[in-house]
1. Please work out whether region 1-83 counts as rounded, prolate or oblate from its C-alpha gyration tensor, where a ≥ b ≥ c are the square roots of the eigenvalues and a/c under 1.5 means rounded, while otherwise a/b larger than b/c means prolate and anything else oblate?
2. What pairs in Lys44/Lys101; Lys3/Lys93; Lys46/Lys93; Lys33/Lys98 have C-alpha atoms more than 24 Å from each other?
3. With a/c under 1.5 counting as rounded, go ahead and sort region 1-42 into rounded, prolate or oblate using the C-alpha gyration tensor (a ≥ b ≥ c being the square roots of the eigenvalues; past the cut-off, prolate if a/b is larger than b/c, else oblate).
4. Once Lys and Arg get +1 and Asp and Glu get -1 on their Cβ, which of Phe67, Thr26, Ile39 lies farthest toward the positive end of the dipole of the chain?
5. Once both labels are modelled 7 Å past Cα along the beta-carbon direction, what's the Asp15-Val48 spacing in nm?
6. Provide the per-residue ³J(HN,Hα) series for region 60-75, in order, calculated from phi with Karplus coefficients 6.51, -1.76, 1.60 and θ = phi - 60°, each as a whole number of Hz, with x at glycine and proline positions.
Amino acid sequence: KKKMLTINGVELEFDMLDVDTFGAYTEAGEQLKAKTAEIEEAQKDKNVFQTFRLTCEAINAFFDHIFGEGTSEELFGSRMNFRTSIEAYKVLKDEAEKQLKEQAELTRELFADKYSGNRTQRRAALKK
C-alpha cells in the first residue's frame, strides 16, 4: 500500500521506509542544512527579502530532490511565499518523523521475540 501525503492540494507518494525515499530525504536535508549558513548571514544583515528568497529556494530544492524536478513548481506555483514554503516543509518533516517512529516500533517488535524470555531459560536452552 502506497503512503500518500497531501501538501497544498498535491498528492505525493512519501514512504520513509522505502530505502530510496529515505536516502533522498536524508540528502535533501543535508543540502538544506548547507544552505542555512547563507540564510543566517542574510538574517544577520537584517535582509528580510534575501532571507525569504533564500529560504523559499532552499525548500524548493528540498522538495525537488525528494520528489523529482518540478515538484516545487507543482506545490508552490511560480510565486515564492515564505509562510507557504515553511508550512509545506513542516508537514513533510512531521510526516517523516511519524513514519520513523513507526519504523522504530516495527524494529522493536521484530527483535522482541529474539530477546524476550527469561534469561535463565535462554541459558538453559543454550546448554542443551
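1. Oblate, because a/c is 1.5 or more while a/b does not exceed b/c.
2. Exceeds cut-off: Lys44/Lys101; Lys46/Lys93.
3. oblate
4. About the Cα centre, the residue reaching furthest to the positive side is Thr26.
5. So the label points at Asp15 and Val48 sit 4.4 nm apart.
6. 4, 5, 4, 5, 4, 5, 6, 9, x, 4, x, 5, 4, 5, 5, 6
Any read-out appearing in this document is the output of simple, stated calculations on the displayed coordinates, not a laboratory observation. Remember, predicted model here, so these are calculated numbers, not experimental data. Note that each Cβ is placed from the backbone with ideal geometry, even for glycine, and that neighbours are counted across all protein chains shown.
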